[in-house]
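Working notes, structure below.
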Amino acid sequence: MALSWDELSPSNRLVNTQSVEPRAYQINITKSVFTGKNTLVILPTGLGKTLIAVFAIANALSNGKKAILLAPTKPLSEQHYNSLQKLLNIESERILLLTGSMAGSKRAELESEAKVISATPQTIANDLKNARLSLDEVGVVVFDECHRASGRYAYTYIADECKLKGVQLVGLTASPGGDKKKIDALISTLAINNIEIRISSDLDVEPYVMDKSLHVLYVEKGKLIDSTLAILKPVIDEHLSNLYKYGLSPFKNFENMPKGRFLQIGDNISKLQAQNYKYMAMFNYVYVLNLVHAYDLLSTEGLHPFATYMHTLETREKKSRAVNSILSNKSVVSAIKTVRDAIERGEEHPKMITIINLLKKELNGKSVIIFAQYRSTIKRLEELLNLNGIEARAFVGKKDGVTQYQQQETIQQFRDNKFRVLVATSIGEEGLDIPSVDAVIFYESIPNEIRNIQRRGRAGRMKYGEVFILVALRTKDETYLMISRLREKRMRDLIMKIKSDMSRHAIQSHAPYERGQKTL
């Protein structure tokens, strides 16, 4: 039997589905949401989570209720508002875009008349706290990018208020994370008692997943960088060994130390009582902290990011004794001079050259997003690509003095093919309406499974896409690549187990999953 949106009657009458192809997984997930349970929907990027949200809202409207759709940023809320205007068969004035830029009294007036609200969580939370908005008539609240629902983020407060009023909660995400405690916390925060998860290999999803090739490009650092790192390593090891000798570091070799364990050393030092001992420990820790960061920048990012960082240390108005010692250390001075001389000669990290060659050959004429961790890397990539005849623009956040209007203008120009390469920080991973591209390039591997999935999801939404991950050999790039793969697998396994346990528990007790209840 042919698939039909009529399976979702009568709610489908409120949804404009004339130009939307019915897909089995969307219909099945939506039916599951229609049961009224608090539902967590985990679906790969680009497979239509927004349409599921629209049907959840239409179902609430069919039952004489209002609905709220939350998104973590204003641009994404605007994107959802436009989708609601296009897809919902109700009066356009009944759909409200709510942002903090609007006066509170005006928001209260509009909220009372609206049937559907698209908003940022901070705005809704403020209006609930100030009694400008009531949830009494709301049937469903949809939390987009719901993996953010933790800690003191506004999603948490709104979810608590919804639970008090008996409002259905629907969470949407492509990746809830690979940490069991965090997933349990998410399920508890949203009082989830129903999970709908699909992965790209599922039978009802696979026909709609565009082919996507993953390429890991291993890059040698080169003699210059290797020799400079060899100058810095003994200095770092000397001060780390001091911490090890006093039992403050579990490692002698910083290259084997996970970042989390290294930061824990600083926490332990801050708790020391003996002042002389604490001063000595903090001196060595600050020494290692700064030089390890510089070492990693040089090995995985490039000459310019290393030089930029060392310049920030040199130009600080107030320098600690440790920083002054670093800047006067003969080995460090030698390393800085070596890098600056190399920059004068026009030398670059081999990753930079690899990207230029990739964009000129395999990806010539294609739309590409390059993701990089550091703004100094992004700045240098933008300069270098344009010098080599490849039109590129940086895409960074407000911290760099870029306004939201400028961000949106850059995205629009990218969409209009005014330039073909967007060089972005993590701001390009979620929360902005960035179009699908032919390829995504990771300048470095990252150990965060959520961000990995979001980055890859920018390619291959509507057509074949490619993903390239650059890995500098014998650096933390290799470690992070392995960690990210393990965490993604663990995330899928955890979610499937929780889903199975939840189903079994529901059969046994029919009890609702309540906040604070222990997961099985």
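Residue count for the stretch 362-413 under the criterion of being farther than 22 Å from LEU297 by Cα and not in a strand (DSSP E or B): the result is 26.
Table: residues versus (1) outside the structural domain of VAL421 (by TED's automatic domain parsing); (2) closer than 25 Å to PRO234 by Cα; (3) modelled with pLDDT of 95 or more.
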site	(1), (2), (3)
TYR287	yes, yes, no
LEU303	yes, yes, yes
TYR309	yes, yes, yes
SER334	yes, yes, yes
ILE356	no, no, yes
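Entry remark, the stretch 450-483: residues being more than 20 Å from ILE355 (Cβ to Cβ) and at pLDDT below 85 number 8 in total. Evaluating VAL216 against the criteria (1) in a helix (DSSP H, G or I); (2) outside the structural domain of LEU51 (by TED's automatic domain parsing); (3) within 26 Å of the chain's Cα centre (by Cα) leaves one unmet condition, (1).
Determine whether the stretch 185-202 contains at least one residue that is charged (D, E, K, R), in contact with a Leu (Cβ under 9 Å, 6 or more places away or on another chain), in a loop (DSSP other than H, G, I, E, B) and farther than 16 Å from LEU47 by Cα. No: zero hits. Residues in the stretch 413-449 that are modelled with pLDDT under 75 and among the small types (Gly, Ala, Ser): GLY428, GLY431, SER436. Picking from LEU128, LEU98, LEU110, LEU135, which residue would you name as being under 21 Å from GLN85 (Cβ atoms), touching an Asp or Glu at 6+ places or on another chain (Cβ under 9 Å) and in the same structural domain as LYS37 (by TED's automatic domain parsing)? Being under 21 Å from GLN85 (Cβ atoms), touching an Asp or Glu at 6+ places or on another chain (Cβ under 9 Å) and in the same structural domain as LYS37 (by TED's automatic domain parsing) holds for just one of LEU128, LEU98, LEU110, LEU135, which is LEU98. If you go through the stretch 302-324 and keep only what is part of a helix (DSSP H, G or I) and surrounded by fewer than 16 Cβ atoms within 10 Å (Cβ to Cβ), you end up with HIS311, THR312, GLU314, ARG321, ASN324. Listed by first and then second residue, the pairs linking a residue in the stretch 361-390 that is under 10 Å from VAL421 (Cα atoms) to a residue that is assigned to a loop (DSSP other than H, G, I, E, B) and aliphatic (A, V, I, L, M), with Cβ atoms under 8 Å apart and 6 or more places separating them unless they lie on different chains, are ILE369/ILE434.
Here is a yes/no grid of residues against (1) among the charged types (D, E, K, R); (2) farther than 25 Å from SER484 by Cα; (3) at pLDDT below 95:
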{"position": "TYR155", "(1), (2), (3)": "no, yes, no"}
{"position": "GLY171", "(1), (2), (3)": "no, no, no"}
{"position": "ALA174", "(1), (2), (3)": "no, no, yes"}
{"position": "LEU186", "(1), (2), (3)": "no, no, yes"}
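Of the numbered criteria (1) surrounded by 21 or more Cβ atoms within 10 Å (Cβ to Cβ); (2) touching a Ser or Thr at 6+ places or on another chain (Cβ under 8 Å), the one VAL141 fails is (2).
Residues that are in contact (Cβ under 8 Å) with a residue 24 or more places away in the chain, surrounded by 18 or more Cβ atoms within 10 Å (Cβ to Cβ) and within 32 Å of the chain's Cα centre (by Cα) do not occur anywhere in the stretch 2-10. Where helices (runs of 4 or more DSSP H) fall entirely within the stretch 1-112, those with at least 1 residues that are under 30 Å from ASP184 (Cα atoms) and modelled with pLDDT of 95 or more are at 24-33, 49-62.
Examine the stretch 125-137 for a residue that is outside any loop (DSSP other than H, G, I, E, B), within 30 Å of the chain's Cα centre (by Cα), buried (at least 16 other Cβ atoms within 10 Å of the Cβ) and in contact (Cβ under 8 Å) with a residue 40 or more places away in the chain, and state whether such a residue exists. No; the residues of the stretch 125-137 include none that is outside any loop (DSSP other than H, G, I, E, B), within 30 Å of the chain's Cα centre (by Cα), buried (at least 16 other Cβ atoms within 10 Å of the Cβ) and in contact (Cβ under 8 Å) with a residue 40 or more places away in the chain.
The values are calculated or read from the model by the stated rules, or taken from the named source; none is laboratory data. Keep in mind it's a predicted model, so treat the numbers as computed, not measured. Reconstructed Cβ throughout: ideal geometry from the backbone, glycine too, with neighbour counts over all protein chains shown.
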